[in-house]
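Some notes on the structure that comes next.
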Amino acid sequence: MKTAQISGAQLVLLLFLCRSFNMLTADMHNVTGHYGMEQLLAIPLSLLLQALIALPAFLLMKKSNRGMTESALWTAGKTGVIFPMISCVYLVTVTGITIFNLASFLANAIYPGSSALFFAIALTAAAMFAVYLGLEGLSRAAVIVFFFFLISLFLTTVGVSERIQLLNIRPLEQDSLSVIIEGAWKIFARSSTVYLFVLLVPYVKEKKGKSFIWYLIAVGIMMEVVSFLVTAVLGELGVTEAYPFFMLTTIAQISIFQRMDALHVSIWVMVCFLRVTLFLWVMSRQLHAVLPVRMRENGRERWILPFLSILSVILAAIMLGNRKTADFMLNSISTGIADLVLMAVLPSAFLLVGALRGLFEHQKKEESL
Amino acid sequence: MEKENRVTGDLSTDLVRLREISHNTADLITRPITICGIRLSFVMTEGMVDLNKLDQALIRPLLSRNFENGEEIFSWMEQTTVVGDVKDVFEYGQILSLVMTGFLAILVDGVPRSLVLGVQGYPYRSISEPNSEVNEKGSRESFTEPLKINLTMVRRRMRSGSACFETFEVGSESRTLGCMIYKPEAVSPELLREVRRRLNQINLKVVLDTGYLQPFLEGKSFTLFSEVGMSERPDTVCAKVLEGRIAILLDGTPFALIAPYLFSENFQSFDDYCRKPYFATFIRLLKYISFFISIFLPGAYVAIATFHPAVLPHALLFNIASAEETTPFPLVFEALIIHFLYEIMREAGLRLPRPVGHAVSIVGALVIGDAAVTAGIIGAPMVMVVALTAISSFVVPSLYEPVMVLRFIFIILGGTTGIYGMALAGALLLCSICQINSLGVPYTAPISPFTLSAMRDILFRAGWRRMAGKSIKIQNLWGSDLTRRKEK
């Protein structure tokens, strides 16, 4: 009786939370380097960019009536394995960076002097167990966490409302257009959840197109609110601060509670947990699809998840141990090339191959029969 | 072999055979009598037959008539005897099975069958007030042990005949009689099929309580929360059956199982529907808050005081610090010790006779609690936290077991890893609750997956005028794998 599919709304909320993880890190706030209207205008432009870049992937899935990995294998045969392989490398890197971000934040800001590796291992172990519980449970949990997230965001907003200085939002300058375009690209480059959306489309029951639009709108609103708050409250301080939104929560004061950081950190840990779990789930599904039948028969597939989890932790541990490696990894993943290749270049290539081999027409005929 | 099990018609042989099959059990009574020259025998279990009823309904009329042969006696009984069930039985095994549940079997010499009459009359506990689902308003009836009495209580509340009773036997040795109650127009056929399948798969020898059936009705995955509900109130069972659920009653148990059972149902009580909606809503919110307090408060207190003291107001922080200064243990140990002591006292109070139980509670609360603070073993704020937690945990009694276990886990996590560990474990707990499907219905429905129309009876309780318009069937909740049925 059990199904493995989720609704469009559940996916939107799940990915919204995954995207909001970046809220606590500096990623989302200082991409333009200009605190003001440039940043606020770069956000909608980046959403448009995301929609445009994801178009070939959606087109491929629609034409082949399959998920991304299956479409790659269907159109390009064995060569199509290149797609899940590149995808897994990208996703493992993003997972490692996520774990690194949380662990280094906790070890630096919340628990000074404690081992960051402990946080990384505990998070990955919990996420591994959650992957075993399945996507349904994860997506249902995301709906509940989303309400807590909204409460936390609301309380923080109320708590800092007295400190909002609209003067901090600088007007547009002369060379603003190039700054906005550059900012939009940088925001896109940090939006790995759009790619995740593409990969999760086959698991959505209905309203896939609408869900994507709602996802973009929801993320856009959240980013605008957070960017506005950070800019309006912190002003110049937001540029130098490593965790600007966290700083907001430390100065937010509601009634007897002197600061909201404990509440916010707990929500952020939950969000990070959901994010890492979802990444591990998607990766294990992708690898499962390309695993040779013989290995599947031997029951080797059960090692996929531990393998990916260990790999992610190792990556995070390397980054935690060496700041230069961490910077290199962060910079290389933030170029946006990986997203471009996975969502636009490779799907376009598969579309071309499929069209040349007449696969789509054949599929259409079969479906009409 | 089959012939050996059938009633022969020779009374002496039949009685000997029955004795043999029952291993000559002492409580099997065989009472041979002769009427108009025809030999017949009553077979019954000692103490399970109402002898007055038997005398008035059967023996007196029987002795006042003339019969020519055995068949005539049976046909007269079948036509005129006013008792419960009257059945023709041909096999010894069946005769014994019915006799053991309080039936009276009559064997007549020369007739190769037995007539079995329902004249049960064993002693049982009378209908009393519910103990675990105490209510302020509404009915004071709760289920009792005999199945038939319980079924009567349900039927009295659903007189339209829309509820269907389906009996079954469970336990190869105990042969316990059970009954599934459902409304054919409301229940999902898939759900009914699945419950029947799971009940058929039970391979226990003895079933003494509905608790024996519970694991067989639940899914295979390990979880702290139960996917099957329990109620001792016939009115609650009726309300659940109307929503498309299936209730299972078992002979000898004053509790009904309800499946599917959702997380939000733990926060609903019968009183909610007898009160004004605004007050019922307030009580319901209180229950949700109490649930969170009972799980998280001690852990959060330990975590914040140990790792994140900056969150607390200075005055409160100063009070906590001064109280903890005099105690020798870290906060996490204090919390564990006092909770452990509390659980011991609760368990002792529960098992002991009531007057002694009260005494234990008073000794525990006043003497040990006060003495521990005065002796400087435990800080006063911690006692307050534990007291609040303990009281909160009784607001939702059906969740006491998981709450108790989780509370200890969160205290340990709060004391060792602070908010991080608690948040991580909280998220994992949330995922594990959310992945539960109670017989095809998400356990966390209608909160997640969200069903707007069902919200009128989840966090809030709408008025009866609004709720009467449309009843929401369990299979119509969003995310359910069961086939939807049209709302009526």
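For the stretch B:157-192, enumerate the residues that are under 27 Å from B:VAL441 (Cα atoms) and buried (at least 19 other Cβ atoms within 10 Å of the Cβ).
Answer for the stretch B:157-192, where residues must be under 27 Å from B:VAL441 (Cα atoms) and buried (at least 19 other Cβ atoms within 10 Å of the Cβ): B:ALA163, B:VAL170, B:GLY178, B:CYS179, B:MET180, B:ILE181, B:TYR182, B:LYS183, B:ALA186, B:VAL187, B:SER188, B:LEU191.
Of the conditions (1) within 17 Å of the chain's Cα centre (by Cα); (2) more than 11 Å from chain B (Cβ to nearest Cβ); (3) not β-branched (Val, Ile, Thr), A:LEU102 clears all except one; give me its number.
(2)
Taking the condition within 11 Å of chain B (Cβ to nearest Cβ) and closer than 19 Å to A:LEU330 by Cα, does A:ALA126 pass?
no
Does the stretch B:307-328 hold any residues that are in contact with a helix residue (DSSP H, G or I) (Cβ under 8 Å, 6 or more places away or on another chain), assigned to a loop (DSSP other than H, G, I, E, B) and either within 14 Å of chain A (Cβ to nearest Cβ) or among the aliphatic types (A, V, I, L, M) (or both), and which are they?
Within the stretch B:307-328, B:HIS308, B:LEU312 qualify.
Among the residues of the stretch B:116-136, is any under 21 Å from the mean Cα position of the chain (by Cα) and of a type in the set (A, V, I, L, M)?
Within the stretch B:116-136 (the criterion being under 21 Å from the mean Cα position of the chain (by Cα) and of a type in the set (A, V, I, L, M)), the answer is yes, since at least one residue qualifies.
Looking at the stretch B:181-195, I want the residues that are touching a residue at least 40 places away in the same chain (Cβ under 8 Å) and have a partner that is of a type in the set (Val, Ile, Thr) and surrounded by fewer than 18 Cβ atoms within 10 Å (Cβ to Cβ) with Cβ atoms under 8 Å, at least 6 apart or on another chain. Which pairs are those?
Listed pairs, sorted by first residue: B:SER188/B:THR483; B:PRO189/B:THR483; B:GLU190/B:THR483.
Name the single residue that is farthest from A:THR193 (Cα to Cα) among those in the stretch A:214-229 being crowded, with 23+ Cβ neighbours inside 10 Å and of a type outside the set (Gly, Ala, Ser).
Ranking the qualifying residues of the stretch A:214-229, first place goes to A:LEU229.
Could you list, in sequence order, all residues of the stretch B:161-195 that are within 14 Å of chain A (Cβ to nearest Cβ) and either assigned to a helix (DSSP H, G or I) or among the acidic types (Asp, Glu) (or both)?
B:PRO189, B:GLU190, B:LEU191, B:LEU192, B:ARG193, B:GLU194, B:VAL195
Could you tell me whether the stretch A:230-238 includes any residue that is away from chain B (no Cβ under 14 Å), small (Gly, Ala, Ser) and either surrounded by fewer than 15 Cβ atoms within 10 Å (Cβ to Cβ) or free of Cβ contacts under 8 Å to residues at least 60 places away in the same chain (or both)?
The answer is no, given that none of the residues of the stretch A:230-238 is away from chain B (no Cβ under 14 Å), small (Gly, Ala, Ser) and either surrounded by fewer than 15 Cβ atoms within 10 Å (Cβ to Cβ) or free of Cβ contacts under 8 Å to residues at least 60 places away in the same chain (or both).
Condition check: at the interface with chain A (Cβ under 9 Å from one of its Cβ atoms), touching a Leu at 6+ places or on another chain (Cβ under 9 Å) and within 15 Å of B:LYS240 (Cβ to Cβ). Does B:LEU439 satisfy that?
Answer is yes for this residue.
Could you figure out which of (1) in a helix (DSSP H, G or I); (2) more than 27 Å from A:ALA338 (Cα to Cα); (3) of a type in the set (Asp, Glu) isn't true of A:GLU224?
In the conditions (1) in a helix (DSSP H, G or I); (2) more than 27 Å from A:ALA338 (Cα to Cα); (3) of a type in the set (Asp, Glu), A:GLU224 misses (2) alone.
Just one of A:VAL313, A:VAL345, A:VAL353, A:VAL341 is surrounded by 12 or more Cβ atoms within 10 Å (Cβ to Cβ) and over 25 Å from A:GLY80 (Cα atoms); which is it?
A:VAL313
Scan A:ARG190, A:ARG140, A:ARG170, A:ARG163 and give me the residue that is of a type in the set (D, E, K, R) and within 14 Å of chain B (Cβ to nearest Cβ).
The conditions single out A:ARG140.
Has the stretch B:92-99 got at least one residue that is of a type in the set (Ser, Thr, Tyr) and within 30 Å of B:SER231 (Cα to Cα)?
There is at least one residue in the stretch B:92-99 that is of a type in the set (Ser, Thr, Tyr) and within 30 Å of B:SER231 (Cα to Cα).
Determine the pairs where a residue that is at pLDDT 75 or above, located within the stretch B:353-378, has a partner that is surrounded by fewer than 16 Cβ atoms within 10 Å (Cβ to Cβ) with Cβ atoms under 6 Å apart, the partner being 6 or more residues away or on another chain.
B:VAL360/B:ALA348; B:GLY376/B:THR326
Among the residues of the stretch B:233-265 satisfying the criterion of being within 15 Å of B:TYR182 (Cα to Cα) and of a type in the set (Val, Ile, Thr), which is farthest from the chain's Cα centre (by Cα)?
Checked the stretch B:233-265; the qualifying residue farthest from the chain's Cα centre (by Cα) is B:VAL241.
What residue, among those in the stretch A:105-121 that are at the interface with chain B (Cβ under 9 Å from one of its Cβ atoms) and closer than 25 Å to A:SER191 by Cα, is surrounded by the most Cβ atoms within 10 Å (Cβ to Cβ)?
A:PHE119
Considering only residues that are assigned to a helix (DSSP H, G or I) and without any contact (Cβ under 8 Å) to a residue 60 or more places away in the chain, which ones fall in the stretch B:392-408?
Once the filter is applied, which keeps residues that are assigned to a helix (DSSP H, G or I) and without any contact (Cβ under 8 Å) to a residue 60 or more places away in the chain, the stretch B:392-408 yields only B:TYR400.
May I ask you to list pairs of residues, at least six apart or on different chains, whose Cβ atoms are under 8 Å apart, with the first in the stretch B:288-316 being assigned by TED's automatic domain parsing to the domain that holds B:PHE329 and the second being hydroxyl-bearing (Ser, Thr, Tyr) and surrounded by fewer than 20 Cβ atoms within 10 Å (Cβ to Cβ)?
Every condition considered, the pairs that remain are B:PHE307/A:TYR111.
Output the residues belonging to the stretch B:421-431 that are within 15 Å of A:ALA130 (Cβ to Cβ) and out of contact with any Ser or Thr (no Cβ under 6 Å at 6 or more places or on another chain).
Once the filter is applied, which keeps residues that are within 15 Å of A:ALA130 (Cβ to Cβ) and out of contact with any Ser or Thr (no Cβ under 6 Å at 6 or more places or on another chain), the stretch B:421-431 yields B:LEU424, B:ALA425, B:GLY426, B:ALA427, B:LEU428, B:LEU429, B:LEU430, B:CYS431.
Taking the criterion of being in contact with a Lys or Arg (Cβ under 9 Å, 6 or more places away or on another chain) and surrounded by fewer than 24 Cβ atoms within 10 Å (Cβ to Cβ), would at least one residue in the stretch A:253-270 satisfy it?
Yes - at least one qualifying residue is present in the stretch A:253-270.
Name the residue that is surrounded by the fewest Cβ atoms within 10 Å (Cβ to Cβ), counting only residues in the stretch B:50-68 that are of a type in the set (A, V, I, L, M, F, W, C) and part of a helix (DSSP H, G or I).
B:LEU63
Being farther than 28 Å from B:PHE270 by Cβ and outside the structural domain of B:SER398 (by TED's automatic domain parsing): is that true of B:ILE202 here?
yes
State yes or no: is B:GLY9 part of a loop (DSSP other than H, G, I, E, B), out of contact with any strand residue (DSSP E or B) (no Cβ under 7 Å at 6 or more places or on another chain) and at pLDDT 85 or above?
yes
Collect the residues in the stretch B:412-436 that are surrounded by fewer than 22 Cβ atoms within 10 Å (Cβ to Cβ) and facing chain A (nearest Cβ under 7 Å), keeping them in residue-number order.
Within the stretch B:412-436, B:LEU428, B:SER432 meet the criteria.
Give, as residue ranges, the helices (runs of 4 or more DSSP H) completely inside the stretch A:135-206 that count at least 1 residues that are at pLDDT below 90 and surrounded by fewer than 23 Cβ atoms within 10 Å (Cβ to Cβ).
Once the helices (runs of 4 or more DSSP H) in the stretch A:135-206 are filtered for at least 1 residues that are at pLDDT below 90 and surrounded by fewer than 23 Cβ atoms within 10 Å (Cβ to Cβ), what remains is A:135-160, A:176-189.
From the set of residues in the stretch B:118-137 that are of a type outside the set (Lys, Arg), over 16 Å from B:GLY252 (Cβ atoms) and touching a residue at least 60 places away in the same chain (Cβ under 8 Å), which is surrounded by the most Cβ atoms within 10 Å (Cβ to Cβ)?
Residue satisfying both the conditions and the ranking: B:VAL119.
The values are calculated or read from the model by the stated rules, or taken from the named source; none is laboratory data. In this text the structure is predicted, and so the values were computed from the model without any measurement. Every residue, glycine as well, gets a Cβ built from its backbone with ideal geometry; the counts of neighbours run over all protein chains shown.
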